[in-house]
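What follows draws every value from the coordinates through simple rules; no lab data is involved. What you are looking at is a predicted structure, and each value in this text was computed from that prediction instead of being measured. Cβ coordinates were reconstructed from backbone atoms using ideal geometry, including for glycine residues, and neighbour counts include every protein chain displayed.
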Amino acid sequence: MTFSLSDEQISKQQEFRRFAGEEIDTGDHYPQENLKKAAQRGYMGYPVPAEWGGQGEGFLNYILLIEEISKVCASTGAIIAVHTSVGTFPILYFGTGQQKQRYLPGLAGGEMLGAFALTEAGAGSDAAALSASATPVEGGYRLNGCKLFITSGGQADLYTVFATVDKSKGVKGITAFLVERGADGLATGTPEKKMGLNRSQTTELRLEDLFVPVTNRLGNEGDGFTIAMSLLDGGRIGIAAQGLGLAGASIDYTVRYLKEQEAAGQKTEQGISFALADLAARLEAARLLVYRAAAVKGSGVRCSKEASMAKMFATDLAVEASTRCIDLCGLAASRRDNPLTRYFCDAKATQIYEGSNEIQRIVIARQLLK
């Protein structure tokens, strides 16, 4: 077993850190320039094979990328992670040759942005309960329904949309479809006013008698649930990497702040030092969980338990670290323009999306008890 990154991975990590620190901005607007710069570096298709326009990098290297970008701007990290894991991978893993040729080069190159439309009002953590319908018609399907909390809604160029062709079949009726931006019958709602990850646009997605040709069905009828579930492991490891970035950023900021206070003559109390030591140790433990899950995923082995453990532990730590660091910095961290405030709000979102951490505990427990 090895518990350290290779020299090549360390070099990549340093590259990502420089890129994030020098190129990524932290404004209030949608981070279009950040995404453009990431695309220019090949980061929008980092783990996609070169034959489809990507960089062909390993999954762990991709996770290192998401961690470093999320340290600076978690919203940008979220957009890239969703675009890659559940926006691009569905086509890479399940698309026909024609679908791959049509969409993968644009997605991997950053000319197109991918999104994933699964969640509904009555089907959040319970994806099997979705009610959006896909009615077979000549040449394809008519989709009707409403999707909620779609990351990059209104910004994405391609949506993987899940609907059921037969509600009575339960999960065996769920089918996946590729829907392009601007399709007749596709409408997006007003961007949600969220607590965190505010630079990542999240909207409702309305399907109103939307025609999808059969050539844009992903997989066979009834494969949708299997497709969705198979993608969640990679997506959850990506969100875990966001948690690592946010926890690390919180600790780094607090260390810098305390050093500045010491330079000004204010000694750091031992209790504060102990709190930082605890957080630093837990961050290293979280990294081991996340990097292990990424390594298992990259080897092609099913990793639902590892992915859920990584997502649960790292994002819970992100909330704990940002909260504790606000406490340690005191009044200086109570201002809305203080980075710790942003880290806290962004961290809370990571506990909820891509499967709430309660769902992760269900997944872990089922693996233990089956």
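Numbers below:
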| read-out | value |
| --- | --- |
| Options 296, 238, 362, ranked by Cα towards positive dipole end of the chain, top entry (Cβ charges) | 362 |
| Residue exposure sequence - 329, 146, 303 - by fewest surrounding Cβ within 10 Å | 146, 329, 303 |
| Rounded to whole Hz, the Karplus (6.51, -1.76, 1.60) HN-Hα couplings of region 85-96, x for glycine and proline | 6, 10, x, 10, 4, x, 6, 4, 8, 10, x, 6 |
| Estimated Rh, the chain: Kirkwood, alpha-carbon pairs, angstrom | 21.0 Å |
| Long-range amide H partners of residue 197 with built H, under 5 Å | 346 |
| Residue order, fewest to most beta carbons within 10 Å, for 287, 366, 181 | 366, 181, 287 |
| Long-range Cα-Cα pairs in region 47-111 (distance over 14 Å), rounded percent | 57 percent |
| Options 83, 11, 99, ranked by Cα towards positive dipole end of region 7-109, top entry (Cβ charges) | 99 |
| Neighbour net charge for residue 25 - beta-carbon separation under 11 angstrom, K R +1, D E -1 | -2 |
| Listed peptides 149-161, 10-22 by packing density, highest first (mean Cβ within 10 Å) | 149-161, 10-22 |
| Per-residue HN-Hα couplings for region 353-359 [Karplus 6.51, -1.76, 1.60; θ = phi - 60°; Hz; x = Gly/Pro] | 8, 6, x, 4, 5, 5, 5 |
| Net charge contributed by nearby residues that have their C-beta within less than 10 Å of residue 147 (K/R +1, D/E -1) | -1 |
| Packing-based ranking, highest mean first, of 224-234, 67-77 given that Cβ atoms within 10 Å are counted | 67-77, 224-234 |
| Theoretical ellipticity at 222 nm over the chain - DSSP helices of four or more residues, -39500 (n - 2.57) apiece, nearest 500 | -17500 deg cm²/dmol |
